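Here the structure comes first, spelled out in structure tokens, and everything after it is commentary.
The values are calculated or read from the model by the stated rules, or taken from the named source; none is laboratory data. Remember, it's a predicted structure, so these values are computed and weren't measured experimentally. Here Cβ is always computed from backbone atoms with ideal geometry, including for glycine, and neighbour counts include all displayed protein chains.
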Amino acid sequence: MSDLIEIYADEIFRPDKRGPAITTVGTFDGVHLGHRKILDRVSSGVAKTRVRTVVTFEPHPQNVMRHRPGIVPILTSTPEKVRILRSIGIDRVYILRFTKELARVTAEEFLTRILIGELNTEKLVVGYNHFFGRNRKGNSEFLESVKDRYGFDLEVVGPHNMAGETISSTKIRRILQSGDVEKAAQFLGRKYRLAGRVIPGVGRGRTLNFPTANLELTHPEKLIPPKGVYAAIVEVDDQMHPGMVNIGIRPTFGESKLTIEVHLINFDGDLYDQSVNLLFLKRIRDEEKFESAQALTARIMKDRDESLRVFEANLTDTPTPR
């Protein structure tokens with residue numbers, strides 16, 4: 001079964017480290033606060049004597065099992081997920097290429113050949129509602145029933161609630177799809193992020209005296225918030241700038257192609273072909289069709305002022321983007 005395993009190569013994960021592992025398994029899309037409750041048990045001080053290991057999947061299993069790639073937009077790309085895991089003390093990440101063949105592997109075979117055989121797992125940490133293996137048989141009840149036979153410790157972590165709601169990746173997707181990037185940030189434990197490269201546009205923003213950078217997403221499989229105007233932090237060369245993001249089709253000018261444009265407030269420079277990160281702070285308004293370019297410009301000025309206000313309010317509680 002080792003041919004089904006792909007290891008995300010990153011020297012920071014200490015690939016030379018050997019010994020028994022403390023392992024958790026999951027898609028971990030978003031690496032949100034619910035996930036962090038599990039991951040903190042893996043990366044805790046007590047666990048430092050073991051190889052702190054995360055087993056995860058690429059692509060998202062539901063996109064394979066539903067036979068429709070992209071039907072589940074993701075919250076974190078694999079590189080983004082790995083960076084977050086690295087930052088919280090994980091030693092080793094195994095990326096399993098998720099296929100229909102892997103989905104047919106039984107829970108017991110997955111446990112014995114991958115978690116124990118490949119990874120030398122001494123302790124397994126799982127979420128209360130996690131499962132793996134064919135027909136979803138690898139749940140906490142199954143693991144409890146076989147842990148003594150195979151000689152591993154088991155810890156089952158309960159749900160993480162916030163304001164009476166259980167945090168999940170599915171719930172965060174719904175929240176983002178409604179445009180509530182502020183609530184999504186609360187559940188994620190950080191601002192929602194899109195990364196992209198600046199590509200040529202039609203230059204319409206410059207004619208309105210609000211030049212914009214048109215983005216081509218680095219990971220187009222990521223969830224795009226709904227059409228509208230957003231206040232954002234724009235990261236360029238590790239520097240944070242206040243920004244105003246427009247996601248939409250520019251109906252005032254009769255266009256129909258969805259674009260992601262960002263205006264960096266009080267910024268003077270050439271961004272063409274540069275990589276930028278957008279950290280969404282607040283949805284300012286819906287996309288609107290204006291009667292004229294002048295009316296649109298007047299509204300953009302208000303949007304800019306509001307975006308700057310939101311940016312400044314967030315400076316005190318926003319950690320350095322990672």
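Here are a few things to note about the model shown:
- Number of positions in segment 24-56 that are in a loop (DSSP other than H, G, I, E, B), closer than 17 Å to residue 121 by Cα and of a type in the set (Gly, Ala, Ser): 3
- Check on residue 29, at pLDDT 90 or above, acidic (Asp, Glu) and surrounded by 21 or more Cβ atoms within 10 Å (Cβ to Cβ): yes
- Among residues of segment 293-308, those that are touching a residue at least 24 places away in the same chain (Cβ under 8 Å) and either basic (Lys, Arg) or not in a helix (DSSP H, G or I) (or both), counted: 1
- Residues located in segment 144-165, provided they are outside any loop (DSSP other than H, G, I, E, B) and closer than 30 Å to residue 114 by Cα: 144, 145, 146, 147, 148, 149, 150, 153, 154, 155, 156, 157
- Within the option set 137, 123, 147, being at pLDDT 90 or above and in contact with an Asp or Glu (Cβ under 6 Å, 6 or more places away or on another chain) holds for one residue only, 123.
- Candidate set: segment 231-251, residues that are of a type outside the set (Val, Ile, Thr) and part of a loop (DSSP other than H, G, I, E, B); chosen: the one modelled with the lowest pLDDT: 250
- Screening segment 213-230 for residues that are within 19 Å of the chain's Cα centre (by Cα) and assigned to a strand (DSSP E or B) and picking the one that is surrounded by the fewest Cβ atoms within 10 Å (Cβ to Cβ) gives 216.
- Selection within segment 63-83 - of a type outside the set (A, V, I, L, M, F, W, C), in a helix (DSSP H, G or I) and surrounded by 15 or more Cβ atoms within 10 Å (Cβ to Cβ): 63, 78, 80, 81, 83
- Filter pass, residue 35 being under 29 Å from residue 101 (Cα atoms) and modelled with pLDDT of 95 or more: yes
- Scanning segment 117-138 for residues that are over 21 Å from residue 100 (Cβ atoms) and under 25 Å from the mean Cα position of the chain (by Cα), we see that the one that is surrounded by the fewest Cβ atoms within 10 Å (Cβ to Cβ) is 128.
- Residue check for residue 95: without any contact (Cβ under 8 Å) to a residue 40 or more places away in the chain and either closer than 25 Å to residue 145 by Cα or not in a loop (DSSP other than H, G, I, E, B) (or both): no
- The residue list 155, 182, 216 contains one member that is over 30 Å from residue 302 (Cα atoms) and of a type in the set (D, E, K, R), which is 155.
- Annotation note: of 114, 167, 199, the sole residue that is more than 22 Å from residue 75 (Cβ to Cβ), surrounded by 14 or more Cβ atoms within 10 Å (Cβ to Cβ) and of a type in the set (Val, Ile, Thr) is 114.
- Contact map, segment 111-133: residues that are assigned by TED's automatic domain parsing to the domain that holds residue 146 and closer than 21 Å to residue 36 by Cα paired with residues that are assigned to a loop (DSSP other than H, G, I, E, B) and among the small types (Gly, Ala, Ser), Cβ distance under 7 Å, separation 6+ or inter-chain. Pairs shown: 127/26; 128/158; 130/26; 131/138; 132/138.
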